[in-house]
1. To the nearest 500 deg cm²/dmol, what mean residue ellipticity at 222 nm is calculated for the chain from DSSP H runs of n ≥ 4 alone, each contributing -39,500 (n - 2.57), summed and divided by the residues?
2. Given a 1.4 Å probe, how much area per residue of segment 265-315 is accessible, in Å²?
3. Counting every Cα pair in segment 1-130, what percent are over 20 Å apart?
4. Can you list residues whose amide H is under 5 Å from GLU136's amide H, if they're 5+ apart or on another chain and H is modeled 1.01 Å from N?
5. How much of the accessible area of the chain, in percent, comes from carbon and sulfur atoms when a 1.4 Å probe is used?
6. If the cut-off is 21 Å between C-alpha atoms, which lysines fall inside it for LYS56, apart from same-chain ones fewer than 8 positions away?
7. Can you compute the label reach from ASN153? Point 7 Å from Cα along the Cβ direction, backbone N cut-off under 20 Å, restricted to segment 37-55.
8. Under a straight-distance cross-link criterion of Cα-Cα below 23 Å, which lysines are reachable from LYS123, leaving out those fewer than 8 residues away in the same chain?
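The values are calculated or read from the model by the stated rules, or taken from the named source; none is laboratory data. Fair warning: this is a prediction, and the values are worked out from it, not measured in the lab. Virtual Cβ from ideal backbone geometry, glycine too; neighbours counted across all protein chains shown. Surface accessibility is based on the protein's heavy atoms, side chains included, excluding ligands, DNA and RNA. Shrake-Rupley method; radii C 1.70, N 1.55, O 1.52, S 1.80 Å.
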Amino acid sequence: MENIKKLTEEIFEDIVAVRRHIHQHPELEYHEFETSAYICDYLDKLGIPYTKGIAKTGVVGLIDVQAEKTLLMRADMDALPITEEVDVPFKSVNEGVMHACGHDAHVAMLLGCATVLWKMKDKLSCNIKLLFQPAEEDAGGALPMINEGVMENPKVDAAIGAHVSNAVSAGSVLVKTGEFMASPDDFELVIHGRGGHGALPHLCTDPIAIGAQIITGWSVLAARYTTPLEKLVISTNYFHAGTTFNVIPDDAVIRGTVRTFHPGLRKAVAKEMETIARQLAEAYGATCDFEFIFRYPPLLNDEGMTAALAKSAAEILGSDKVVYGKDPSMGGEDFAYFAERVPATFIHVGTGNEQEGITAPWHNSHFNIDESGMKAGIMAMCQLAMEFGK
């Protein structure tokens, strides 16, 4: 434990520099070419063997100590199409692209873990797979990497992932067993009506009015279709129709997201949403096309792995630095694909600092982190890695 603390302190200035470099050069999903090359160069300097080009830009390093068990440690690499408004010397140089979700810190922390664990490999009781994943934000790079064999050779026995969070104070980590993040499914509805003059609505089939009725029907579905204890969110976030003041358009397009934790409910809600849309469209003389896009599964943290992480974090950080989460997030995370296949836990690494004004949420143009929080993330994950396999 003391070695982990000492090594983390020794390398931390370099890890901060890594985070700032990646922050300054953000890349969108499946275009993380420079980020991937930077990671490979870093692993080369350490002497850790790796495979690159997995799922286009993914990288997997391997600390192989010929152990029976293998722990996978994952970081995502992609940025967001957001224009940065944080005034820092390492501000994004790629216009309209920003690390507004902390993936720069995730890569930096995992490279920090790689450095510490490589220096301590003689004391490891498990092999370590260092997985750098593309495209978490939208397309989902986890499943393509799994399909290309990252869970084999050697076979992965458990997995850990981490996400920085300004809702947690820097220096602490948040853990939670069971439901952690929801399935982030999407939908699109196209209503086909009949356009015409806004002064003569009786000669038209107004897709805007019909769309409003359908959205209301969906809101009733979310409020009354399930028990009040069931976690279900239906959010309509896009409604596009028309081009000017006095023309009723032919079509309207509606898009949004559905969040839940229950596999059966996902399918049932998709079916009911389509039924409501088609029946209301038909009732008002229109037709419609409905598509429900099933995306990541819900992220469920394994009880044993979560307890092990909490124990390791308490040992190296202090029990007062371990926060036990109560409510799950309705956000989505494709680390869920790893957690479907092996016992896994996903944690939040605190990077918030109210005194310094570092409170902006994810996906915000003012998002920034208290970099000192990365130290706790590195130490907690390294401590778990040293305990795993014993």
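1. Numbers: 9 runs with 135 residues, N = 390.
When only DSSP H runs of four or more count, the value is -11500 deg cm²/dmol.
2. On the way: 2510 Å² over 51 residues.
Here the residues of segment 265-315 average 49 Å² of exposed surface.
3. Values: 3846 of 8385 pairs.
Distances greater than 20 Å cover 46 percent of the Cα pairs.
4. MET77, ASP78, GLY141
5. On the way: 8590 of 17030 Å².
Within the chain, the accessible surface is 50 percent carbon and sulfur.
6. Answer for LYS56, where 21 Å is the Cα cut-off: LYS129, listed by chain and number.
7. 40, 44, 48-55
8. Leaving aside lysines fewer than 8 places away in the same chain, those within reach of LYS123 are LYS5, LYS6, LYS45, LYS69, LYS155, LYS311, LYS375, LYS390.
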